[in-house]
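*Asks:* Once you've had a glance at the structure underneath, I'll fire off some questions.
The values are calculated or read from the model by the stated rules, or taken from the named source; none is laboratory data. This one's a predicted model, so the numbers in the text were calculated from it and none came from an experiment. Virtual Cβ from ideal backbone geometry, glycine too; neighbours counted across all protein chains shown.
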């Protein structure tokens, strides 16, 4: 490998790392074992903390057991996440979870404003058929509802990493790093999903008791990454110019 190539790889890696933004990073590692009660602060190391709501859960060794739908993480009005899909931004929602029961729909992430077509909102949930289902509604009221068939990949009582990557072109679901399919997002013409002035929930898709995650949660995270970064593209152009001059 020559010096020019080494320099270029370093530039692209630095560009990608500096442009990524962690919006939510929750691990529960700071919680003491025992009951997790309403009003307890849930630390988000990347931003605004949430509050536990909806009932008492059990904390054990950095995990939260909500096997009987006991609670979720609540973000008050004014802390809603806005996803900007008008450019090249990509958003990754990740939950490290162990599913205990799916007798009904159980939520993972959500911002439900009013359930009407003129409100920008989103949710991600697991259905009773062990599928991963999403709703994405943009600021014009255009929406996508899609179900990914994850029944073969999700096993009760086994820890899984469930991810969803959303950008202006596609939404793609993953279980333990393996793709479970994609759906086009090009019909979302409004540019943004979610409303900053409204509330968001984690470990649920709304505040209704039956719509909260049913199992053991290890961590939740949301990241935003421009894809591709403009700096990386400039690096590619610069490399092409350097190589051209060396010929």
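*Asks:* Does residue 128 fit the bill of being at pLDDT 85 or above, under 16 Å from residue 211 (Cβ atoms) and assigned to a loop (DSSP other than H, G, I, E, B)?
*Replies:* Here the answer is yes, as residue 128 does meet what is asked.
*Asks:* Spot the failing condition for residue 128; the list is (1) surrounded by 15 or more Cβ atoms within 10 Å (Cβ to Cβ); (2) closer than 21 Å to residue 163 by Cα; (3) in contact (Cβ under 8 Å) with a residue 24 or more places away in the chain, and only one is missed.
*Replies:* Among (1) surrounded by 15 or more Cβ atoms within 10 Å (Cβ to Cβ); (2) closer than 21 Å to residue 163 by Cα; (3) in contact (Cβ under 8 Å) with a residue 24 or more places away in the chain, the lone unmet condition for residue 128 is (1).
*Asks:* Look through 186, 147, 192 and report the one residue that is in contact with a strand residue (DSSP E or B) (Cβ under 9 Å, 6 or more places away or on another chain), under 25 Å from residue 97 (Cα atoms) and at pLDDT 85 or above.
*Replies:* Values: 186 fails: under 25 Å from residue 97 (Cα atoms); 192 fails: under 25 Å from residue 97 (Cα atoms).
Just a single option satisfies the conditions, and that option is 147.
*Asks:* Which of the residues belonging to the stretch 1-38 are assigned to a helix (DSSP H, G or I) and either touching a strand residue (DSSP E or B) at 6+ places or on another chain (Cβ under 8 Å) or at pLDDT 90 or above (or both)?
*Replies:* 16, 19
*Asks:* Taking the criterion of being touching a strand residue (DSSP E or B) at 6+ places or on another chain (Cβ under 6 Å) and modelled with pLDDT of 80 or more, would at least one residue in the stretch 227-241 satisfy it?
*Replies:* Looking for residues that are touching a strand residue (DSSP E or B) at 6+ places or on another chain (Cβ under 6 Å) and modelled with pLDDT of 80 or more, one finds none in the stretch 227-241, hence no.
*Asks:* Let me ask you something else. For the stretch 96-109: of the residues being crowded, with 24+ Cβ neighbours inside 10 Å and more than 19 Å from residue 157 (Cβ to Cβ), which is modelled with the lowest pLDDT?
*Replies:* Among them, the one singled out is 107.
*Asks:* Only one of (1) in contact (Cβ under 8 Å) with a residue 60 or more places away in the chain; (2) within 15 Å of residue 194 (Cβ to Cβ) fails for residue 48. Which number is that?
*Replies:* (1)
*Asks:* Something else: Quick test for you: out of 58, 45, pick the one residue that is under 19 Å from residue 98 (Cα atoms) and in contact with a strand residue (DSSP E or B) (Cβ under 7 Å, 6 or more places away or on another chain).
*Replies:* 58
*Asks:* How about the stretch 195-222: which of its residues are at pLDDT below 85 and within 13 Å of residue 93 (Cα to Cα)? I'd like the intermediate steps shown before the answer.
*Replies:* First pass over the stretch 195-222, keeping only residues at pLDDT below 85: 195-199, 206-210.
Within the stretch 195-222, none qualify.
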